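One structure below.
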Amino acid sequence: MSEHQVDREMWEQSKAVDAMLGITEEWMYNEICLRDAIRAEFALKGRIDDTITGSIHP
């Protein structure tokens, strides 16, 4: 079995497991958006905290 065939088989199995768990592309998209929003909030908070404390990070 070629590497491409193994990759394809693993991808197909992953999609089957996702379906069994109820994980859809829409659900995944929403989770990624939520993750990105939280990361942005913490990044902004870090910049605000640095301004208040005068901390400088390389």
Extended-chain gain in nm, criterion 0.36 nm per residue less alpha-carbon gap, L21 and E9: 2.5 nm
Placing each pseudo-label 7 Å from Cα in the direction of the beta carbon, M28 and E41 end up separated by a distance in nanometres of 2.5 nm
With θ set to phi - 60°, apply the Karplus curve 6.51 cos²θ - 1.76 cosθ + 1.60 along region 23-36 and write out the HN-Hα couplings as whole Hz, x wherever there is a Gly or Pro. 8, 10, 4, 5, 4, 4, 4, 4, 5, 5, 4, 4, 4, 5
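The numbers here are math on the coordinates, done by the rules we state, and not lab data. Since the model is a prediction, treat every value here as computed from it, not as a measurement. Cβ coordinates were reconstructed from backbone atoms using ideal geometry, including for glycine residues, and neighbour counts include every protein chain displayed.
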